[in-house]
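The values are calculated or read from the model by the stated rules, or taken from the named source; none is laboratory data. Keep in mind the model is a prediction, meaning the values are calculated, not measured. All Cβ positions, even for glycine, are placed from backbone atoms using ideal geometry, and neighbour counts span all protein chains on display. Surface areas here come from the heavy atoms of the whole protein model, side chains and all, with no ligands, DNA or RNA. Shrake-Rupley method; radii C 1.70, N 1.55, O 1.52, S 1.80 Å.
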Amino acid sequence: MQSVLNSVKGTALNVAEYLTPVLKESKFRETGVLTPEEFVAAGDHLVHHCPTWQWAAGDDTKTKPYLPKDKQFLITRNVPCYRRCKQMEYVGEETLVEEESGDGGWVETHQLNDDGTTQLEEKICELTMEETKDEMHTPDSDKSAPGDAVDGEDEDDDEAIDMDAFEESGMLDLVDPAVATTTRKLEAEPKSSPAAAATSEASGDSVLHTRTYDLHITYDKYYQTPRLWVVGYDEQRKPLTVEQMYEDVSQDHAKKTVTMESHPHLPGPNMASVHPCRHADIMKKIIQTVEEGGGQLGVHLYLIIFLKFVQTVIPTIEYDFTQNFNMS
């Protein structure tokens with residue numbers, strides 16, 4: 001139901017954007033919005049200070065006339081995402097242990113099970129070790145029994161094998177059983193599929209499943225602010241499903257602030273987008289905070305600050321390598 005509502009809202013906003021006139025006069029300090037010219041200036045500043053970002057032209061049929069043809073939107077590719085948001089948001093259970101005196105207490109972060117053991121101890125107990133004679137080889141094992149020594153002497157007395165006759169017998173062409181067994185096992189093992197990789201990832205195994213994302217920044221004419229778009233790929237560079245991409249979005253924002261919508265400059269399937277309805281308000285508050293501290297915020301820094309506060313929505317996508325910004 002939520003996806004249907006988002007689709008209806010997206011269609012209505014597209015119509016509203018089409019009817020909204022292009023902002024000509026700067027209202028950056030008053031309301032936190034941008035003109036298309038200011039968006040381009042902020043984009044040039046971002047590209048200069050962070051070369052991983054580049055301008056893109058997009059599809060010719062979707063070119064916006066109020067932006068330069070070769071500067072329709074900004075893009076950065078192959079941004080790593082090492083963890084899922086649920087891994088980052090899990091902080092574990094904590095128990096407040098009160099002191100009898102009532103002067104204070106401390107937090108116990110490691111809980112014991114009913115039998116007095118910890119989960120870590122249980123996992124250690126699950127480890128098993130298969131031992132073979134070769135693995136248990138020690139210096140003492142070199143000391144053979146007296147009977148073995150006699151057998152060894154008898155073997156030394158045997159006549160050496162004639163290698164020419166051995167080669168002519170065809171024994172060299174026989175396949176080593178150990179090699180044959182290994183080959184059959186390798187052939188019998190099915191190739192891992194993306195579905196299997198996703199299953200192993202969901203089961204919480206210890207393998208690091210790195211995803212990558214392409215990030216786009218467009219200019220939203222209706223809200224008169226930048227808008228962030230993301231599209232994700234798995235380790236085989238295959239597109240992620242919608243639900244997989246929502247795994248990398250803060251659960252407070254998934255399907256609310258972040259929705260799937262059509263890209264304004266590219267054809268194809270919908271992409272995840274951070275809705276820009278609050279961007280101007282946040283930027284206005286930042287401008288006011290800087291000015292109260294005696295500073296002044298230039299419009300060219302807009303996108304650098306924008307990327308920093310949008311990071312709270314997609315905290316595991318590690319794209320923010322821009323310059324530091326001090327609000328004081």
Contact list please: Cβ distance under 6 Å, first residue in segment 37-66 and open to solvent by 60 Å² or more (accessible area, probe 1.4 Å), second residue part of a loop (DSSP other than H, G, I, E, B), pairs at least six apart or on different chains. His49/Gln323; Lys62/His265
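Does Arg227 satisfy the criteria of being open to solvent by less than 60 Å² (accessible area, probe 1.4 Å), closer than 24 Å to Pro315 by Cα, in contact with a Cys (Cβ under 6 Å, 6 or more places away or on another chain) and modelled with pLDDT of 55 or more?
Working: open to solvent by less than 60 Å² (accessible area, probe 1.4 Å): yes; closer than 24 Å to Pro315 by Cα: yes; in contact with a Cys (Cβ under 6 Å, 6 or more places away or on another chain): no; modelled with pLDDT of 55 or more: yes.
Criteria not met by Arg227.
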Unique match (being within 23 Å of Gly58 (Cα to Cα) and in contact with a Lys or Arg (Cβ under 6 Å, 6 or more places away or on another chain)) among His275, His265: His265
Which condition breaks for Glu291 when tested against (1) more than 20 Å from Leu74 (Cα to Cα); (2) surrounded by 14 or more Cβ atoms within 10 Å (Cβ to Cβ)? (2)
Whichever residue in segment 261-284 is open to solvent by 40 Å² or more (accessible area, probe 1.4 Å) and touching a residue at least 60 places away in the same chain (Cβ under 8 Å) and, among such residues, is nearest to Thr241 (Cα to Cα): Ser262
